[in-house]
Amino acid sequence: MSDFQYEEVPPEEHSDSDTVVNSAPLAELQEIPADPNFDDDEEEQDELRKMEATTTSAAAGAVAAETNSDTTVAKPSSAEDSIFSTMYAVAKKVAIVGSIYLVGYMGWSVAWLIAPVVLSVARDRFRKSTEHKRSIAKASALASEKEVIMARIDELPAWVYFPDVERCEWVNKILKHLWPNANHYARTLVKETIEPAVAESLANYKMNGFRFDRIILGTIPPRIGGVKVYTQNIGRNEIIMDLDLFYASDCDINFYLGSMKGGIKDFQIHGWVRVVMKPLIRSMPLVGGLQIFFLNNPNIDFNLVGVIDLLDMPGLSDLLRRIIVEQIGNIMVLPNKLPITLSDEVPATSLKMPEPEGVLRIHVVEAKDLMKKDISMLGKGKSDPYAIINVGSQEYKTQIIDNNVNPKWDFWCEAKIFAEMGQFVEFSLYDADETGKDEDLGRASVEIINAVKRGVVDTWLTLENAKHGMLHVRLQWYKLTSNPLDLQAALAETQLLRVASMSSAVLIVFIDSAKNLKQARINSNPDPYLVCSVGKQKQQTGMIMRDNSPVWEQGFTFLVGNPENDTLQIKIFDQKTGSEIGQFGYVIATLLRKENMDIVSQPFQIQKSGPESKLIMSLSLRILKKAEAIEDGESSEAPVAGENKLARSISKTASIQEPSSPKELQSQSSRISADTPLSEEEPNLKVSSPTNLQSITPPRSPNPFSANLIGGESVLTHRVPDLSASPGEHGLGRILLTIHYLAQRQKLFVTIHKIMNIPIRDPSNIPDPYVKLYLLPGRSKESKRKTVVIKDNCNPVYDATFEYLMSTAELLQSELEVTVCTQKGFFGSPIIGMLKIPLTDPEVSGNGLNTWYDLQPEFKHD
């Protein structure tokens with residue numbers, strides 16, 4: 001009997017009792033057909049809001065009914081499973097009673113009983129919590145779009161928040177009909193690709209014999225929450241779109257780990273999937289192929305059943321969970337892609353050869369004010385922090401610095417970037433713990449497109465999911481060129497850095513096929529796989545069963561330190577015997593003399609193999625070149641002329657074309673925003689005045705690479721000083737703030753740039769100013785943010801960014817309180833001035849509000 005079973009019941013043969021999975025959990029609301037224009041009908045919206053409580057309870061009831069159902073399409077019952085379950089339950093009871101008897105018989109302390117009980121209770125609570133989350137997610141996957149909106153108003157589809165993301169309910173209807181056929185493809189992919197990779201990873205932990213026994217993905221198809229199609233800044237020969245994918249399955253997957261039988265149920269995955277259609281051809285089907293991949297690591301969750309459910313406890317399940325996430329990343333998370341060829345006219349290299357857009361050099365400098373997680377005899381000690389950097393499936397880890405909440409790592413790494421738009425660099429900080437699980441110290445992320453536009457991002461990031469702490473990082477973007485003359489400049493830069501791991505070029509390798517390999521066993525063809533290496537970097541193809549002329553069609557990329565010295569090493573092995581059946585070495589410097597530094601589909605003689613053995617591959621070498629900052633007018637989807645750019649940079653609340661008084665001119669110049677940011681490279685700015693155009697030369701920052709980071713829409717802000725150098729309407733000074741809310745990340749970013757013209761009451765007592773932030777109403781301690789204190793300065797510069805996690809509804813009901821204080825005071829810190837800023841301004845949720853504000857006298861708190 002085969003180890004791999006396909007079990008599926010055709011939909012038309014289902015009985016009434018077998019359709020529990022197919023029925024929507026909110027079926028009570030489906031008697032009335034859904035109106036596609038229900039958003040425009042106010043009466044219907046009011047009625048639906050009144051039904052929200054009923055909807056939620058109906059969803060919970062339906063999920064409970066589905067969970068407790070013993071007869072589903074995807075659950076075949078058998079006597080073997082029944083006997084196994086009975087034996088497992090009996091063994092479990094015997095173990096419990098036996099342990100109690102043993103404790104009494106041996107006369108041990110009652111603590112031997114308490115510890116297992118506490119552990120069991122913690123395990124049950126964890127399982128109930130995860131099952132509740134999975135049930136809610138499954139209800140959303142089964143329900144229609146209207147029901148999802150009403151039942152989970154706080155987690156609306158992507159098209160609700162993002163104007164450039166469109167609804168695609170029609171796609172979900174098509175997926176529902178296609179899913180039975182897609183089931184077969186997905187099962188084959190899991191069996192042929194994921195199973196050997198998981199087995200190999202578990203073998204490293206002395207867990208051998210992993211194999212799938214039964215794979216039934218169920219009847220619930222993936223759901224698309226929204227689609228975004230790119231129409232600007234893309235090639236003419238491709239179509240790019242992003243899909244908000246949510247898959248909450250009713251799968252039934254069984255596997256064996258040695259002699260132990262286990263299973264995976266309630267598998268869920270959520271993330272943004274990019275689909276690239278390329279190349280476009282002139283014959284049907286008009287599209288040559290597809291590339292499908294996740295931009296960033298998706299959120300993955302599942303439930304373990306059977307004997308292996310002992311692993312489904314906090315800490316112990318991390319191993320299997322991490323291995324599965326890694327294998328999915330090795331298939332579909334950048335830089336890995338899932339290519340699908342749709343036309344024989346398209347060569348394999350156009351779809352499967354890697355196409356990096358550039359290299360991002362990441363410098364994790366230091367962190368400060370991290371949380372104290374270690375416990376000492378005197379209470380809270382310090383932490384042993386380290387950082388993990390993720391760019392898609394690429395992961396890097398800094399060294400651990402013991403007993404320090406202000407660590408300085410000075411860690412460098414480089415990531416190959418295959419999609420500038422939509423990808424993030426994610427930083428996760430942990431406290432290393434030798435006795436238990438490492439504790440979380442906070443997280444932060446930067447959108448890669450910020451570094452592409454600005455060339456360099458050098459900033460402090462406020463850590464999320466942490467009470468306090470900041471991380472200093474520096475990102476440098478490098479584009480790729482095919483000019484060998486750029487190599488010397490790249491080598492000179494790496495030598496100045498004095499970091500041995502830095503690279504100067506990227507080598508792209510596409511392994512097409514091999515021919516006439518020698519036999520590793522008598523009268524039997526080999527099971528060949530190929531290993532490429534450059535220095536310490538290694539990449540491996542898949543294994544082809546019993547074929548002496550295998551076709552791999554796989555591509556790899558390598559970071560090269562010095563192309564003039566490095567060599568590409570290739571070795572071919574037989575998996576059955578482990579013996580080497582061929583090798584080949586290629587000097588990378590040879591590519592420097594080739595046209596465009598490319599070799600396309602060229603055969604090479606394989607050494608230590610048969611006389612007719614050939615390896616067919618393509619090679620490309622690209623040199624790293626430091627990118628310059630791109631002005632927003634050049635990189636935006638709708639370029640704006642210089643005059644219009646300046647006109648848009650003036651706030652809509654004031655016009656400076658024909659001021660009627662000096663006071664009006666002052667108010668106009670005090671509110672200069674950054675709707676269209678200005679580049680730091682512009683030497684002069686022209687601003688209209690009553691008589692002529694006055695040239696204003698902005699002051700240069702002490703660090704030309706220091707920039708203001710505004711979350712996912714980071715811009716290089718050009719701060720223009722007040723035209724009249726006024727201390728403001730109340731004579732208390734002026735403060736420059738940037739306020740920006742990103743609905744996609746549900747975050748409010750507030751950047752305090754600088755304060756100008758703080759009044760000096762006593763020449764012998766120059767203030768030591770700092771700034772405090774609170775969110776109103778409430779003014780809670782959790783919303784408090786505070787800058788550093790700058791000594792003896794009436795024009796302090798902070799450039800500090802703070803973040804608040806909040807929904808769109810909370811934003812519209814909140815205000816930002818800004819308080820400027822001085823640390824010089826006999827009784828506390830005297831207040832210099834205050835502000836209360838409503839967050840309902842459309843510019844806050846749009847391009848961001850970058851404005852000078854006049855400080856006001858102290859007012860009482862509400």
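Overview of values
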quantity: Test: Lys747 is at pLDDT below 90, closer than 23 Å to Ala444 by Cα and open to solvent by less than 30 Å² (accessible area, probe 1.4 Å); calculated: yes
quantity: Selection within the stretch 838-859 - part of a loop (DSSP other than H, G, I, E, B), within 19 Å of Glu803 (Cβ to Cβ) and open to solvent by less than 60 Å² (accessible area, probe 1.4 Å); calculated: Leu839, Asp841, Gly846, Gly848
quantity: Flag for Thr193 being in contact with a helix residue (DSSP H, G or I) (Cβ under 9 Å, 6 or more places away or on another chain), part of a helix (DSSP H, G or I), over 28 Å from Leu286 (Cβ atoms) and not small (Gly, Ala, Ser); calculated: yes
quantity: Residue match in the stretch 262-280 (condition: in the same structural domain as Leu304 (by the TED database), closer than 26 Å to Leu202 by Cβ and part of a loop (DSSP other than H, G, I, E, B)); calculated: no
quantity: Residue within the stretch 794-802 that is over 28 Å from the mean Cα position of the chain (by Cα), surrounded by fewer than 20 Cβ atoms within 10 Å (Cβ to Cβ) and over 23 Å from Gly469 (Cα atoms) present; calculated: yes
quantity: Output for the stretch 509-561, where each listed residue is touching a Cys at 6+ places or on another chain (Cβ under 9 Å) and either open to solvent by less than 60 Å² (accessible area, probe 1.4 Å) or in a loop (DSSP other than H, G, I, E, B) (or both); calculated: Val509, Ile511, Thr541, Phe556, Phe558
quantity: Among the residues listed as Ala415, Ala444, the single one being modelled with pLDDT of 90 or more and under 25 Å from Ala505 (Cα atoms); calculated: Ala415
quantity: So Val788, is it over 19 Å from Pro727 (Cβ atoms), out of contact with any His (no Cβ under 7 Å at 6 or more places or on another chain) and modelled with pLDDT of 85 or more; calculated: yes
quantity: Count of residues meeting criterion [open to solvent by 50 Å² or more (accessible area, probe 1.4 Å), farther than 27 Å from Leu624 by Cβ and within 23 Å of the chain's Cα centre (by Cα)] in the stretch 337-371; calculated: 0
quantity: Verdict on Arg498 being at pLDDT below 90, of a type in the set (D, E, K, R), under 30 Å from Ser428 (Cβ atoms) and outside the structural domain of Gln602 (by the TED database); calculated: yes
quantity: Of the criteria (1) closer than 23 Å to Lys397 by Cα; (2) open to solvent by less than 40 Å² (accessible area, probe 1.4 Å), which one Leu497 fails; calculated: (2)
quantity: Checklist (1) open to solvent by less than 80 Å² (accessible area, probe 1.4 Å); (2) under 20 Å from Ile758 (Cα atoms) applied to Ser783, failing item; calculated: (2)
quantity: Residue tally, condition more than 16 Å from Gln605 (Cα to Cα) and open to solvent by less than 20 Å² (accessible area, probe 1.4 Å), over the stretch 562-588; calculated: 3
quantity: Subset tally (residues that are at pLDDT 80 or above, open to solvent by 50 Å² or more (accessible area, probe 1.4 Å) and of a type in the set (Asp, Glu)) for the stretch 150-191; calculated: 1
quantity: Matching residues in the stretch 221-256 - criterion: being aliphatic (A, V, I, L, M) and under 18 Å from Ile174 (Cα atoms); calculated: Ile224, Val227, Met241, Leu243, Leu245, Ala248
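Quick grid of which residues meet (1) free of Cβ contacts under 8 Å to residues at least 24 places away in the same chain; (2) in contact with a strand residue (DSSP E or B) (Cβ under 6 Å, 6 or more places away or on another chain); (3) surrounded by 20 or more Cβ atoms within 10 Å (Cβ to Cβ):
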{"position": "Lys373", "(1), (2), (3)": "no, yes, yes"}
{"position": "Lys397", "(1), (2), (3)": "yes, yes, no"}
{"position": "Ile417", "(1), (2), (3)": "no, yes, yes"}
{"position": "Phe427", "(1), (2), (3)": "no, yes, yes"}
{"position": "Glu434", "(1), (2), (3)": "yes, no, no"}
{"position": "Arg443", "(1), (2), (3)": "yes, yes, no"}
{"position": "Arg454", "(1), (2), (3)": "no, no, yes"}
{"position": "Val473", "(1), (2), (3)": "no, yes, yes"}
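The values are calculated or read from the model by the stated rules, or taken from the named source; none is laboratory data. Keep in mind that this is a model prediction, so the values were computed, not measured. All Cβ positions, glycine included, derive from the backbone under ideal geometry; neighbour counts span all protein chains shown. Side chains are part of the model used for accessible areas, which takes the heavy atoms of the whole protein and leaves out ligands, DNA and RNA. Shrake-Rupley method; radii C 1.70, N 1.55, O 1.52, S 1.80 Å.
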